[in-house]
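Below is one structure, written out as structure tokens; the observations come after it.
Values in this text are rule-based calculations from the coordinates and carry no lab data. What you see is a predicted model; the values in this text were computed from it and never measured. All Cβ positions, even for glycine, are placed from backbone atoms using ideal geometry, and neighbour counts span all protein chains on display.
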Amino acid sequence: MLRFEVGTDDLLRSRFALSPAFELGGLLRILSGLDQRRLPATWSGRLMPAFHALRRDTALDAALALHHRTFGASFITLPPSSLDQTWEEDLAALRATPLPDARREIARCLAARPVTDPRVLAVLHDDNAVNEIADALDHAWHGLLARDWPQLRAICERDVVHRTGRLGRSGWAAVLDGLHPGLRRHEGGIDVVHSSTHCTVALEGEGLLLIPSVFVWPGIATHTDAPWPKSVIYPARGTAALWEAPGPSTHDGLADLLGRSRSRILAALSRPASTTQLARSLRLAPGAVGDHLAVLRTAGLLRRARSGRSVLYYRTPLGDALVGGTGVADGC
């Protein structure tokens, strides 16, 4: 069990961030079989051919060699700094890694999981290893994840909106209690019950970095060593619904009544969301989403409320009843 010792200053300095690089790493671990979790058949069927092509045509296998079941080379997944973190920022940080630092991480990974493939070893021992690995991961990002990232990012952003709402109403205790069943507060600390790391780590006034993730689901991950701050990566709310969402035919009844786009928007609003978040998650134009939201509000199916700079929309009881009555599952 891993235990974080938490002081008052730690709560003041705890914050949220998003990590595109962590999500890419999580997806690659699943596709490569290093992680025992499986993608839904529709995702796997769509991504596996591209994944195999990337392994054949790029240095992706060298990047995969830097993943272990319990850790990975830190320079390929550097810590995010904000909720606005982009893949381009992650990639620039990776490319800026000094070669001696990369060589130390590569040696650590090869000691834990030896590699015999000469093609992979040639990349890892090359003086241009950092850029070759960065190029491979950039190809992987654009070939595997970029298409879905707006939707996945919106799920993570909506999770943060929910958590910060709980923070405002009930404080950090309510936020921490709701992150994951394997995370619990106990006697001035936070215990990660099923962690592969067994130690006590003092936060020393630096706080926790909390990162919602889609690909960590249904588990939880932590960082305790530099260059990362002390971090907890937890499953974003709505991830299970994303993986388990039924096919479009389930929406036919509601779509016949409201129209396909409005039915999708109403079904997605099981949790409050902004116009921008809905547009990203449903891959619709923000202007079109705004028009549909206005119609749904006029019909009494939605209400809105301000949360900081954002205006969040949520279903009324009539909207809930309409979605529940059609058997439509919440898609985001």
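Under a model in which nothing but the beta-carbon of Lys, Arg (+1) and Asp, Glu (-1) is charged, the chain shows a dipole of about 1120 debye around its Cα centre.
With contacts taken as Cα pairs under 8 Å at a separation of at least 6 residues, the range 5-77 carries a relative contact order of 32 percent. Extension gain for the segment Arg103 to Trp243, taken as residue separation times 0.36 nm less the Cα-Cα distance, is 46.7 nm to one decimal. Between Glu88 and Leu39, the simple spin-label model (points 7 angstrom out along Cα→Cβ) gives 2.5 nm. Near Ile211: Cβ cut-off under 14 Å, other residues only, Lys/Arg at +1 and Asp/Glu at -1. The net charge is 0. Relative to the dominant Cα principal axis of the chain, helix 20-32 is inclined by about 80°. Subtracting the Cα-Cα distance of Ser32 and Ala122 from 0.36 nm times their residue separation leaves 30.4 nm of extension gain. Computed over the range 46-131, relative contact order equals 38 percent, with contacts defined as Cα pairs under 8 Å that lie 6+ residues apart. The calculated FRET efficiency for Thr276 paired with Met1, based on their beta-carbon distance and R0 = 51 Å, is about 0.80.
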